[in-house]
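Engineer: The structure follows.
The values are calculated or read from the model by the stated rules, or taken from the named source; none is laboratory data. Predicted, not measured: the structure shown is a model, and the values here were computed from it. Cβ coordinates were reconstructed from backbone atoms using ideal geometry, including for glycine residues, and neighbour counts include every protein chain displayed. For the accessible areas, the whole protein counts, side chains as well, though only heavy atoms, and no ligand, DNA or RNA atoms are used. Shrake-Rupley method; radii C 1.70, N 1.55, O 1.52, S 1.80 Å.
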Amino acid sequence: QITLKESGPTLVKPTQTLTLTCTFSGFSLSNSGVGVGWIRQPPGKALEWLALIYWNDDKHSSPSLKSRLTITKDTSKNQVVLTMTNMDPVDTATYYCARLFYYDSSGYYVDYWGQGTLVTVSS
Amino acid sequence: DIQLTQSPSFLSASVGDRVTITCRASQDINSYLAWYQQKPGKAPKLLIYAASALQSGVPSRFSGSGSGTDFTLTISSLQPEDFATYYCQQVNNYPFTFGPGTKLIIK
C-alpha cells in the first residue's frame, strides 16, 4: 500500500522559511522510474506545481519560485523535504506531496497524493 | 512555461448526461497529458494519463482523447459521484503545469 503524508507548521510568519516533510511508504525513491513532487493549492483556487525530485536525484522546480525553493530527499528515511524561503501571505495554500511514476513510454504521472497540509502565512 | 486552458470553467449537467471537457496547451505536448478529479477537501485523483489511458480502477465511463495541443475528457453517463472539479496537467515540459480546472455541478 502506497501512502504519503505531509508534515510541517500550519502557521508561518511573513519572511520566514517554510520546511515541509513528505514521509512515504510502499515504494522506494531509490528505484528507477519514481519521483516525489510538491504541489500547492490556495483556498478555492487551482493546483500549482512547485518542485519534484527523481530517484536519481534529478530535480526540477517551478521557474517562478525557483529562487525560493529547495527540494531534497533522504532515501533511508523515505522522506522528501521542501523548503520555501521568504514566505508571504499569498503563499497560503494546501501543500501536497505526491508520487510520480513512469508509465512505459508515456512519461511520469502523479499517481498517489498525500492528504495535503494547510499552511497559513500571517503575522 | 506551457499554459493550459480549460473550457468550460463551469459545467452544469444532470445524472446520466454525457459531458466533455476541453484542455488546450499553448504548445505541442504530444500525448503527455493527465486528467485529475478533485472533490472538496480531498487530494486529486488520477483518471487518465498519456491523454487516453485509463488509470487502474477508474470507471470506464471516463475517457480521454487528443494529442498535440487539444485534448478532451469525456464522461459518458454522469453518476452522482462524478460531480467534482477536473484538472488537466501536462508532463511534456518542466514545470508540469495544471489547467485552471472545470467545476462540474449538478443541474
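Engineer: In square angstrom and rounded to 100, what buried accessible area do you get between chains B and A, total over both, with the probe at 1.4 Å?
Structural biologist: Values: alone 5620 and 6450 Å², together 10240 Å².
Counting both chains, the buried surface is close to 1800 Å².
Engineer: Here's another thing I want to ask about it. Taking R0 as 35 Å, what's the FRET efficiency between B:Ser76 and A:Thr83 from their Cβ-Cβ distance, rounded to 0.05?
Structural biologist: On the way: r = 44 Å, r/R0 = 1.27.
Result of the calculation: an efficiency of 0.20.
Engineer: Further, regarding this structure: Per residue of the stretch A:106-123, what does 6.51 cos²θ - 1.76 cosθ + 1.60 with θ = phi - 60° give for ³J(HN,Hα)? Whole Hz please, x for Gly and Pro, Karplus curve as stated.
Structural biologist: Computed from phi, the couplings for the stretch A:106-123 are 10, x, 8, 9, 7, 10, 9, 10, x, 6, x, 9, 7, 10, 10, 10, 7, 8 Hz.
Engineer: Net charge around B:Arg61, counting only other residues with Cβ within less than 12 Å of its Cβ (Lys, Arg = +1; Asp, Glu = -1)? The partial results should precede the final answer.
Structural biologist: Details: positive: B:Arg18; negative: B:Asp17, B:Glu81, B:Asp82.
That sum, taken over residues with Cβ under 12 Å, equals -2.
Engineer: Suppose all protein chains stay in the model; what accessible area per residue would a 1.4 Å probe give for the stretch B:1-63, in Å²? Show your work: numbers first, answer last.
Structural biologist: Working: 3120 Å² over 63 residues.
About 50 Å² of surface per residue is accessible.
Engineer: Another question about this same structure. Which of the residues in the stretch B:60-97 show a loss of at least 30 Å² in accessible area from their chain by itself to the complete set of protein chains, at a probe of 1.4 Å?
Structural biologist: Residues meeting the cut-off: B:Tyr87, B:Val91, B:Tyr94, B:Pro95, B:Phe96.
Engineer: Using alpha carbon centroids, what distance separates the stretch B:53-86 and the stretch A:33-110, in Å?
Structural biologist: Cα centroid of the stretch B:53-86 versus Cα centroid of the stretch A:33-110: 25 Å apart.
Engineer: A further question on this structure: Evaluate E = 1/(1 + (r/R0)^6) for B:Val15 and B:Ser60, where r is the Cβ-Cβ distance and R0 equals 22 Å; express this FRET efficiency to the nearest 0.05.
Structural biologist: Working: r = 17 Å, r/R0 = 0.78.
Approximately 0.80, to the nearest 0.05.
Engineer: Treating the beta-carbon of each Lys and Arg as +1 and of each Asp and Glu as -1, no other charges, what is the dipole magnitude of the protein assembly as shown about its Cα centre, to the nearest 20 debye? It would help to have the intermediate numbers written out before the result.
Structural biologist: Working: 18 positive and 15 negative charges, 92 e Å.
That gives the protein assembly as shown a dipole magnitude of about 440 debye.
Engineer: Now a separate question. Round to a whole number: what % of the accessible area of the protein assembly as shown belongs to carbon and sulfur, probe 1.4 Å?
Structural biologist: Values: 4830 of 10240 Å².
That fraction is 47 percent.
Engineer: Would you mind calculating the relative contact order of chain A from Cα pairs under 8 angstrom and at least 6 residues apart, reporting the percent as a whole number? Let's see the in-between values first.
Structural biologist: Values: 306 pairs, mean separation 42.8, N = 123.
Computed over chain A, the figure is 35 percent.
Engineer: Next question. Once you list every other residue whose beta carbon is under 11 Å from the beta carbon of B:Gln6, what net charge do they have if Lys and Arg are +1 and Asp and Glu are -1? Please report the intermediate quantities before stating the final value.
Structural biologist: Details: positive: B:Arg24, B:Lys103; negative: none.
Computed value for this residue: +2.
Engineer: Taking the stretch B:39-85, which trypsin sites (Lys or Arg not before Pro) meet the DSSP loop condition and have no more than 14 other C-beta atoms within 10 Å?
Structural biologist: Numbers: sites: B:Lys42, B:Lys45, B:Arg61; in loops: B:Lys42, B:Arg61.
Here the sparse-neighbourhood loop sites are B:Lys42, B:Arg61.
Engineer: Which value, in Å³ per residue, describes the convex hull spanned by the Cα atoms of the protein assembly as shown? Each step should come with its number before you reach the end.
Structural biologist: On the way: hull volume 26.2 nm³, N = 230.
Taking only Cα atoms, the protein assembly as shown has a hull volume of 114 Å³ per residue.
Engineer: Here's a follow-up. Quick one: how many Å² of B:Asp28 are accessible to a 1.4 Å probe, rounded to 10?
Structural biologist: Counting only protein heavy atoms, B:Asp28 exposes about 90 Å² to solvent.
Engineer: Additional query: With springs only between Cα atoms under 10 Å, which of B:Gln90, B:Gln27, B:Gln38 fluctuates most in a Gaussian network model of chain B?
Structural biologist: With Cα springs under 10 Å in chain B, the top fluctuation among B:Gln90, B:Gln27, B:Gln38 is at B:Gln27.
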